[in-house]
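The next block holds one structure in the form of structure tokens; read it before the comments.
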2 protein chains.
Amino acid sequence: MRIGELAARAGTTTRTLRYYESRGLLPARRGTNGYRSYDEGDLKLLRQIRTLQDFGFDLEETRPFVECLRAGHPQGDSCPASLAVYRRKLDELDALIGELTAVRATIAVRLAAADEPPADEPPLCEMGGQEL
Amino acid sequence: MRIGELAARAGTTTRTLRYYESRGLLPARRGTNGYRSYDEGDLKLLRQIRTLQDFGFDLEETRPFVECLRAGHPQGDSCPASLAVYRRKLDELDALIGELTAVRATIAVRLAAADEPPADEPPLCEMGGQEL
DNA sequence: CGTTGCCCTGACGTTGGCGTCAAGGATTAC
DNA sequence: GTAATCCTTGACGCCAACGTCAGGGCAACG
């Protein structure tokens, strides 16, 4: 399989594959004419990368998963290094979601305060404008 | 007040102020020597910008708030254009938080599945291995 | 009068993950 | 045979919000 077909089968572009190769993530064999040659295993590796990328992983963070697959494991997350990335990502996500939720709440409050300023006298009970 | 003092009082850098000026967001008067000159009002504008930036707003998104203040309103979010940005941001945040939460859940599931694989016999309830 | 410390403009560097040419060689379809 | 497609490498472009020089001016202190 050549680069165009692999790209199409993974729903990506040839540019992306060459980029991954340049990063040492997805090296390719070469045919006699210099064309890159890939097999089904490469497709699996590529799909692993793409899935993680869709999750918001950096390219470098996908490396342990790819190496795990290349080492013969059935799943990219069968290796300790991959699981470590998972855990780190969970922490990052929790932190990020927490920050975003706090910002959301702040904005909601300010919006409510500006949307209904005709409060000459403050109401007795103020509920937070939760809308999530 | 010159650029260095304004930057210090707002907890930012002179480079940042020149950048904002280049974007037309925070223009400055000039002294006879060509030095930029700012007043307390500029500090207020700058603080508005910085606050929104900390919330994750794009620079362009802070413009309505700045113009609102410059128009004489006590708060940057006293104008309709600012409130529209608030609402748009709420929607964006809800969408983003939703996606991140979904990813978080997926990763948590995979991590749990890999952490405890000693399940010789499948549990009664199988959840699909969703691949977002 | 020198030196330190502010200020000026202009311009290139950073980060990630590619997109988009450009100029050419190989393959394939008809 | 030749035109349309594919492939190759190389290199610049993009996006945001600045960081970081480079080279020079103005000001005040001792």
Check: Which pairs have Cβ atoms under 9 Å, sit 6 or more apart or on different chains, and link a residue in segment A:84-110 that is more than 7 Å from every other protein chain (Cβ to nearest Cβ) to one that is of a type in the set (S, T, N, Q) and open to solvent by less than 20 Å² (accessible area, probe 1.4 Å)?
Finding: A:Val85/A:Thr62
Next item on the list: For segment A:99-113, state whether one or more residues are in contact with a Phe, Trp or Tyr (Cβ under 6 Å, 6 or more places away or on another chain), at pLDDT 95 or above and within 16 Å of DNA strand D (Cβ to nearest atom).
Entry: yes
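Taking segment B:70-83 as the region of interest, how many residues are more than 7 Å from chain A (Cβ to nearest Cβ) and farther than 17 Å from B:Phe55 by Cα?
As a first pass, look at segment B:70-83 and keep what is more than 7 Å from chain A (Cβ to nearest Cβ): B:70-76, B:79-82.
Cutting the leftovers down to farther than 17 Å from B:Phe55 by Cα gives us B:70-74, B:79-81.
The total comes to 8.
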Item checked: Matching residues in segment B:1-20 - criterion: being touching a residue at least 12 places away in the same chain (Cβ under 8 Å), in a helix (DSSP H, G or I) and open to solvent by less than 40 Å² (accessible area, probe 1.4 Å) -> B:Ile3, B:Leu6, B:Ala10, B:Leu17, B:Tyr20
Next item on the list: Hey, can you tell me all the residues within segment A:2-30 that are farther than 18 Å from A:Leu52 by Cβ and either within 8 Å of DNA strand D (Cβ to nearest atom) or of a type in the set (Phe, Trp, Tyr) (or both)?
Entry: A:Arg2, A:Ile3, A:Gly4, A:Glu5, A:Thr14, A:Arg15, A:Arg18, A:Ala28, A:Arg30
Checklist line | Looking only at segment A:15-53, and only at residues there that are over 21 Å from A:Arg63 (Cβ atoms) and more than 8 Å from DNA strand C (Cβ to nearest atom), the one that is nearest to the other protein chains (Cβ to nearest Cβ) | finding: A:Ser37
Check: Can A:Gly31 be described as open to solvent by less than 60 Å² (accessible area, probe 1.4 Å) and touching a strand residue (DSSP E or B) at 6+ places or on another chain (Cβ under 6 Å)?
Finding: yes
Item checked: Check on B:Arg70, farther than 16 Å from A:Val103 by Cβ, touching a Ser or Thr at 6+ places or on another chain (Cβ under 6 Å), away from DNA strand D (no atom under 16 Å from the Cβ) and among the basic types (Lys, Arg) -> no
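The values are calculated or read from the model by the stated rules, or taken from the named source; none is laboratory data. Just so you know, these numbers come straight off a predicted model, no measurement behind them. Cβ coordinates were reconstructed from backbone atoms using ideal geometry, including for glycine residues, and neighbour counts include every protein chain displayed. The accessibility values were calculated without ligands, DNA or RNA, using every heavy atom of the protein model including side chains. Shrake-Rupley method; radii C 1.70, N 1.55, O 1.52, S 1.80 Å.
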